[in-house]
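Below is one structure, written out as structure tokens; comments come after it.
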Amino acid sequence: MVKPIVAPSILASDFANLECGCHKVINAGADWLHIDVMDGHFVPNITLGQPIVASLRKAVPRVGDTTSPKPKAFFDCHMMVESPERWVADFAKCGADQFTFHYEATEDPLALVKLIRSHNMKAACAIKPGTPVDVLYELGPHLDMALVMTVEPGFGGQKFMIDMMPKVEALRNKFPHMNIQVDGGLGKETIPHAAKAGANVIVAGTSVFTAADTADVISYLKQEVST
Ligand code: DX5
Ligand code: ZN
């Protein structure tokens with residue numbers, strides 16, 4: 001049985017009050033922080049880069065860091081960038097725990113996985129809605145996580161694409177113990193589809209950061225995945 005994980009996307013938080021937003025979702029039960037890095041080339045939007053991740057790492061120490069009383073979290077960096085190879089060393093240095101690259105952005109995914117691991121980060125691979133799932137079959141055994149995008153990458157607040165669920169099902173059948181992440185349009189209404197298909201790592205931006213009761217949404221998402 002894979003572990004249910006809720007990863008709020010900080011893209012939906014107030015960037016002028018990031019520390020506060022991160023502490024709020026962690027204290028409300030978030031397991032990971034999903035950090036969306038966009039370069040304006042791979043996707044038509046620009047978000048944040050290493051200086052912000054490095055500052056956030058000081059505000060949110062690594063899980064297991066006993067030297068700080070601050071809320072801790074795993075940094076799940078979703079790299080929507082061209083030439084992801086270029087950024088591996090920098091993101092390791094600024095405190096990323098996991099580096100998720102896009103299959104569409106690299107020519108040699110296996111070499112990239114090895115590079116990420118050599119920098120002591122977990123390695124994950126994402127596919128856009130138009131990319132067939134079978135590109136992950138050979139790579140799967142080498143990955144810590146596969147990410148099936150449920151919106152076109154680039155913006156928060158889009159509509160969940162239910163037609164991506166067969167990809168999640170196919171991956172779950174092939175890799176019963178792998179972390180399978182879904183990202184885009186997840187909330188109380190759409191989580192049943194993702195949970196049924198076999199996803200266990202749930203990214204949620206808008207639904208978590210705009211909720212009146214943050215802890216309620218996070219525990220709802222987690223519970224749907226557990227049952
Ligand atoms: C989209 C990003 C997502 C997005 C999710 O390119 O990868 O992480 O912020 O946001 P919501 O949950 O609002 O769809
Ligand atoms: Zn994302």
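Rule-based calculations on the coordinates, nothing more; no lab input. Owing to the predicted nature of the structure, the values given are computational and were not obtained by experimental measurement. In this analysis, Cβ positions are derived from the backbone assuming ideal geometry, glycine residues included, and neighbour counts consider all displayed protein chains.
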Subject >> Point-to-point label distance, residue 174-residue 66, nm (Cα→Cβ direction, 7 Å offset) >> reply: 4.2 nm
**OP:** Divide by every residue of the chain the summed helix terms, -39500 (n - 2.57) for each DSSP H run of at least 4, and state the resulting mean residue ellipticity at 222 nm, rounded to the nearest 500 deg cm²/dmol.
**Re:** -9000 deg cm²/dmol
Original post:
Among 35, 202, 162, which one shows the biggest mean-square fluctuation in a GNM of the chain, springs joining Cα atoms closer than 10 Å?
Top reply: 162
Original post:
At residue 189 and residue 162, where each label point lies 7 Å from the Cα along Cα→Cβ, what is the point-to-point distance in nanometres?
Top reply: 1.1 nm
**OP:** Over 18 Å between C-alpha atoms is what I'm after, so list which of 122/188; 58/114; 58/93; 3/196; 114/167; 174/196 land there.
**Re:** 122/188; 58/114; 114/167
**OP:** Taking only Cα atoms and a 10 Å spring cutoff, compute GNM fluctuations for the chain and point out the largest among 132, 84, 71.
**Re:** 132
**OP:** Write down the Kirkwood hydrodynamic radius of the chain, to one decimal in angstroms, obtained as one divided by the mean of 1/r over all alpha carbon pairs.
**Re:** 17.3 Å
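Classify segment 147-227 as rounded, prolate or oblate, taking a ≥ b ≥ c as the square roots of the eigenvalues of its Cα gyration tensor: rounded when a/c is under 1.5, otherwise prolate if a/b is larger than b/c and oblate if not. Write out the running numbers ahead of the final one.
On the way: a/c = 2.19, a/b = 1.34, b/c = 1.64.
Note, shape of segment 147-227 comes out oblate.
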Original post:
Which net charge results for the neighbourhood of residue 24, defined as the other residues with beta-carbon distances under 15 angstrom from its beta-carbon, given Lys and Arg at +1 and Asp and Glu at -1?
Top reply: -3
**OP:** Output the peptides 209-217, 58-66 sorted from most to least packed, where packing is the average of other Cβ atoms within 10 Å over each peptide's residues.
**Re:** 209-217, 58-66
Original post:
If you take the square roots of the eigenvalues of the alpha-carbon gyration tensor of segment 51-173 and sort them as a ≥ b ≥ c, do you get rounded (a/c under 1.5), prolate (a/b over b/c) or oblate?
Top reply: prolate
